[in-house]
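Student: Quick one: structure below, then a few questions.
The values are calculated or read from the model by the stated rules, or taken from the named source; none is laboratory data. Treat the numbers as computed from the prediction; the structure is a model and nothing was measured. So basically every Cβ, Gly included, is an ideal-geometry build from the backbone, and we count neighbours across all protein chains shown. We work out accessible area using only protein heavy atoms, side chains counted, and drop any ligands, DNA or RNA first. Shrake-Rupley method; radii C 1.70, N 1.55, O 1.52, S 1.80 Å.
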Amino acid sequence: MNASPRIRFSESADPPRKSRSLGLGVIGLGTVGTGTLKVLVEHQREIQRRLGCKLQLKVICSRSVQRRDLSWLRQPVKITSDWKQVIRDPEVDIVVELVGVLPTARAIAFAALDAGKHLVTANKQVVAEYGVELVELSRARHVGLGIEACVAGGTPVLHAVREGLAGENFTAVYGILNGTTNYILTEMESRGCSFAEALAEAQQKGYAEPDPTFDVEGYDARYKIAILAMMCFGQAVRVREIPVEGITRINQVDLAYARGLNHTLRLIAGARRRTSDRIEIFVRPMMIPTASRLAGVLGATNGVLLVGNKGGNTSITGHGAGGEPTGVAVLSDVVQIARSIIAGRSPSTPFGYESWHPSRMATPDENVVASYLRLVVRDRPGILGRVCTILGRHRINIGSVLQERGNIKNHLPFVMTLEPTQEKRVAGAVREIARLTFLAEPPLVLPFAELP
Ligand SMILES: NC(=O)c1ccc[n+]([C@@H]2O[C@H](COP(=O)([O-])OP(=O)(O)OC[C@H]3O[C@@H](n4cnc5c(N)ncnc54)[C@H](OP(=O)(O)O)[C@@H]3O)[C@@H](O)[C@H]2O)c1
């Protein structure tokens, strides 16, 4: 007996004529909103072929929408500056929230789900802080919630964790999740420029905000790793409990010594399983081997390394930001939700878990790691002896002492590598060293990360 064909072939590039159509409402027309609409206009036909159904932009909303030239949309569309109208619109099935302002984004997200609309959001803060409540509300209303664009922009990391690796038991995830800081560090590394020069350039190119604190102090990456950790480990993480350290103290001295040690410096957002129920989550600059996969993530690119119990290492890299790459992630969520609507089934849960554990966080104190210690001193005899005495008292073995010839006697950097030791012991010793009167600035400690 012949098996019946399962795929219908069509001569036409258009979707089947009798199929239903789904309505889209987009709130926010900034970088991502405009990028999303541009991708939709260009890819609409392809998306419709994938869905077998029409996806129609019904309404768009931004505060200044009345003043915009929207002729490039090539289709009639309702406009409004009141986001509540998008949610109330009976022609809108899926609401896309791209406003960026936290209280407004949160209000839109809850109102849309509560009204029984499917929701796609790119707001990492809303998802990291209110993800569990949003999931519960979306379940109660039987609607979909898409969050792919919240982490690593156009790189489908969340999808990989939720779907492609749903059979895996993760032991760790490490990411370069902030393009601004990675651009700054890799420019400093490749061109020898200062942190301030690289930051100014990032601002000029639109990679960094006029106030870069959110990026360079690690807060942006903290929201993203909170979401990734929730997805990898099924625990409801509290963002404020994640220790965060930015890159503002990294300078050319650190990059030069790193190079000499066959390492490089990256802002790593990581989460790892420490015991069966405890996870450690952090955002901090780390020394990583130059041969490791994340060391190859350059410029404003993002990269994630997933470490699985059985499947080993999986790495994904791609655009972490930008209107159109992020627009692709937004529309990919729209397509998935649309598929579930067409099939008449409940959309899959965005975090990949049907039940959650409260987060049980481990502190880094018990970690045993090798460290890089940079001291900047006012040069005088006996400095090394004093520092070594303190380290010895804390039972910390020194791996090496490195000092390039310097000519500023009052501001002389030298570096020590410390053999693997509990982090809390290193922290105790460094607190004592920081009190030594010959120090010209506070010590800097960076862990060596053993990444594949
Ligand atoms: N930029 C990226 O590359 C990127 C990447 C991944 C994720 N994201 C996330 O995507 C979201 C959007 O980011 P973005 O960079 O596109 O922001 P953006 O450029 O600042 O755009 C925000 C848009 O929201 C509109 N808006 C703000 N408040 C509004 C209100 N009360 N009612 C209606 N419209 C309102 C603004 O309208 P007006 O212009 O008319 O004032 C503007 O069009 C954020 O959550 C961000 O974290 C961004």
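Student: Between ARG380 and ASP277, take the C-beta separation as r, use R0 = 45 Å, and let me know the FRET efficiency to the nearest 0.05.
Tutor: The value I calculate is 0.35.
Student: Still on this structure, please answer the following. Taking only DSSP H segments of four or more residues, each worth -39500 (n - 2.57), what value at 222 nm results for the chain once the sum is divided by all its residues, to the nearest 500 deg cm²/dmol?
Tutor: -10500 deg cm²/dmol
Student: Using θ = phi - 60° and the Karplus curve 6.51 cos²θ - 1.76 cosθ + 1.60, what whole-Hz ³J(HN,Hα) does each residue of region 303-308 get, with Gly and Pro shown as x?
Tutor: For region 303-308, the Karplus-derived couplings read x, 10, 10, 9, 10, x Hz, x marking Gly and Pro.
Student: From the C-alpha gyration tensor of the chain, pull out the three semi-axes of the equivalent ellipsoid (sqrt of 5λ each), sorted largest to smallest, in whole Å.
Tutor: Ellipsoid semi-axes (Å, largest first): 47, 23, 19.
Student: Could you do me a favour and compute the accessible area per residue for region 364-447, 1.4 Å probe, result in Å²?
Tutor: For region 364-447, the per-residue accessible area is 53 Å².
Student: So how much accessible area does SER332 have, in Å² to the nearest 10, using a 1.4 Å probe?
Tutor: 50 Å²
Student: Also, I was wondering about something else. What percent do you get for the relative contact order of the chain when only Cα pairs under 8 Å and 6+ apart count?
Tutor: Answer for the chain is 16 percent.
Student: At a probe radius of 1.4 Å, what is the per-residue accessible area of ARG141, in Å² to the nearest 10?
Tutor: Number for this one is 100 Å².
Student: Would you mind getting me the FRET efficiency between GLU201 and THR171? Use the beta-carbon distance for r and R0 = 51 Å, nearest 0.05.
Tutor: 0.85
Student: If you don't mind, there's one more thing I want to ask. Which loop trypsin sites (Lys or Arg not before Pro) in region 409-452, with loop taken from DSSP, have no more than 13 other Cβ atoms within 10 angstrom of their Cβ?
Tutor: Listed in order of number, the matching sites are LYS409, ARG435.
Student: A further question follows. Starting from the Cα of GLU450, step 7 Å along the direction of its Cβ; do the same at ARG395; then give the gap between the two resulting points in nm.
Tutor: 2.0 nm
Student: Using the Cβ atoms and a cut-off under 11 Å, what net charge is assigned to the surroundings of LEU444, where Lys and Arg are +1 and Asp and Glu are -1?
Tutor: -1
Student: For the pair GLU366 and LEU402, what calculated FRET efficiency results from E = 1/(1 + (r/R0)^6), where r is the Cβ-Cβ distance and R0 = 25 Å, to the nearest 0.05?
Tutor: Efficiency, from the Cβ-Cβ distance: 0.35.
Student: For region 157-319, calculate the relative contact order in percent as a whole number, restricting contacts to Cα pairs under 8 Å that are 6 or more residues apart.
Tutor: 33 percent
Student: Same structure, new question: Past the 30 Å Cα-Cα mark, which pairs from LYS38/LYS224; LYS78/LYS205; LYS205/LYS424?
Tutor: LYS78/LYS205; LYS205/LYS424
Student: How much length is gained if the chain between LEU70 and SER21 is pulled fully straight, taking 0.36 nm per residue apart and subtracting their Cα-Cα distance, in nm to one decimal?
Tutor: Full extension from LEU70 to SER21 adds 15.4 nm.
Student: Select from the chain the helices, each a whole stretch of DSSP H, whose alpha-carbon atoms run 20 Å or more along the helix axis and whose Kyte-Doolittle mean is at least 0.5; answer none if there are none.
Tutor: 219-233, 323-343
Student: Not counting ligands, DNA or RNA, and with a 1.4 Å probe, what is PHE214's accessible surface area in Å² rounded to the nearest 10?
Tutor: Estimated to the nearest 10 Å², PHE214 gives 70 Å².
Student: While we're on this one: Averaging sequence separations of C-alpha pairs under 8 Å and six or more residues apart, then dividing by the length of region 273-373, give the relative contact order as a whole percent.
Tutor: This gives 29 percent for region 273-373.
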